[in-house]
Amino acid sequence: MNAGELLRQFNSQLKNESTELDAQLILAHALGHPRTWLLAHLDTPLAQPQIDSATEAFCKLQDGTPLPYILGHWEFFGLDFNITDDVLIPRPETELLVEKAIAWLKASPERRTVADVGTGSGAIATSIAMHVPDARILATDISLAALKMAQHNARKFHVHHRLDFLQCDLLPQPVKFLSTDSHFDLICANLPYIPTETLHQLPIYGKEPTLALDGGKDGLDVYRRLFKLAPDWLAPRGMMLLEIESTLGLKALSLAFDSFSDVTIHMHQDLTGRDRLLEIMFI
């Protein structure tokens, strides 16, 4: 059997939301080549171990395992991040947070301390570090497995010497822990924000880590806790950038106004026009 024949076999068995592109990526991954190489070499004969490996991966896809977990990597902000099912799959909508963070830091050269709360794969922290070479970033996560993945990605892109990693629930205690004088110019967070009842009805439930998705009854439980901690950690005139669930814009704004005084608050929309990023600037 050659690569083209196996690919046609996979395509004839596609179900769920899988596409021919997914099948091509699966086979290319199993062969250890880019998809473009596969399409140019469909007449390549396959050894039985290659067929078995590709078939096993294809079966996982058809059983509902997300493609990025099968491949073990996924692109975010132009970078190829390694991932496992211990972390969320990086998504395009989160790039808005990274864009705003980088723009603000570049416009404020004196501000270089950042906290990425709930770092997961480290996609936010590493992307910022790649574009702001003198930034110093603390990446936290309650999951040790996630932190190890974030550390791996920081080393992969050679920014690990500018990132600190800490296992904790949101931010550590006491405040005197850090050498950055216990203050951050910028706090970024893409925390669990899907309401519990909604999450249980979504296709991703049980396939990506629930710990990183479940935001409680109204989706804002974790942000309420962060809002109580943030003032003690932010430097004067610091900023917070927080990704939210698109249907929670008004509730998130209301929570922010109720939680803080002497702030300016702005909601940014993603490319689809949905509320996505809450910006809180302390005056």
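The values are calculated or read from the model by the stated rules, or taken from the named source; none is laboratory data. Because the structure is predicted, anything quoted here is derived from the model rather than measured. Reconstructed Cβ throughout: ideal geometry from the backbone, glycine too, with neighbour counts over all protein chains shown.
For every residue, the table says whether it meets (1) touching a strand residue (DSSP E or B) at 6+ places or on another chain (Cβ under 6 Å); (2) of a type in the set (S, T, N, Q); (3) within 22 Å of GLY238 (Cα to Cα).
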position: ARG91; (1), (2), (3): no, no, no
position: GLU95; (1), (2), (3): no, no, yes
position: THR119; (1), (2), (3): yes, yes, yes
position: ALA125; (1), (2), (3): yes, no, yes
position: ASP134; (1), (2), (3): no, no, yes
position: PHE157; (1), (2), (3): no, no, no
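Every test in (1) at positive phi; (2) surrounded by fewer than 21 Cβ atoms within 10 Å (Cβ to Cβ) is passed by THR247 save one, and that test is (1).
Looking for something assigned by TED's automatic domain parsing to the domain that holds SER127, in a strand (DSSP E or B) and either out of contact with any Ser or Thr (no Cβ under 7 Å at 6 or more places or on another chain) or β-branched (Val, Ile, Thr) (or both) - is there at least one such residue anywhere in the range 251-260? No, every residue in the range 251-260 fails to be assigned by TED's automatic domain parsing to the domain that holds SER127, in a strand (DSSP E or B) and either out of contact with any Ser or Thr (no Cβ under 7 Å at 6 or more places or on another chain) or β-branched (Val, Ile, Thr) (or both). Among residues that are of a type in the set (Lys, Arg) and either surrounded by fewer than 15 Cβ atoms within 10 Å (Cβ to Cβ) or in the same structural domain as PHE10 (by TED's automatic domain parsing) (or both), LYS148 is not included.
Listed by first and then second residue, the pairs linking a residue in the range 64-79 that is over 17 Å from ARG155 (Cα atoms) to a residue that is in a strand (DSSP E or B), with Cβ atoms under 9 Å apart and 6 or more places separating them unless they lie on different chains, are PRO66/GLU208; LEU67/TRP74; PRO68/TRP74; TYR69/GLU208. Taking the numbered list (1) over 22 Å from THR84 (Cα atoms); (2) in contact with a strand residue (DSSP E or B) (Cβ under 9 Å, 6 or more places away or on another chain) in turn, LYS217 passes all entries but (2). Scan the range 264-283 residue by residue and report those that are aliphatic (A, V, I, L, M) and closer than 15 Å to LEU186 by Cβ. Matches in the range 264-283: LEU277, LEU278, ILE280, MET281.
Conditions tested, residue by residue: (1) closer than 20 Å to VAL98 by Cα; (2) modelled with pLDDT under 95.
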position	(1), (2)
PRO203	no, yes
LEU211	no, yes
LEU229	no, yes
MET239	yes, no
LYS251	no, no
THR264	yes, no
LEU271	yes, yes
ARG274	yes, no
ILE280	yes, no
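Let's see how each residue does on (1) surrounded by 19 or more Cβ atoms within 10 Å (Cβ to Cβ); (2) at pLDDT 95 or above; (3) touching a helix residue (DSSP H, G or I) at 6+ places or on another chain (Cβ under 7 Å):
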residue	(1), (2), (3)
MET1	no, no, yes
GLU5	no, yes, no
GLU20	no, no, yes
ALA28	yes, yes, yes
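Looking only at residues of the range 197-221 that are closer than 18 Å to ALA256 by Cα and small (Gly, Ala, Ser), we find that the one that is surrounded by the fewest Cβ atoms within 10 Å (Cβ to Cβ) is GLY216.
The residue that is surrounded by the most Cβ atoms within 10 Å (Cβ to Cβ), among those in the range 222-240 that are among the aromatic types (Phe, Trp, Tyr) and more than 20 Å from the chain's Cα centre (by Cα), is TRP233.
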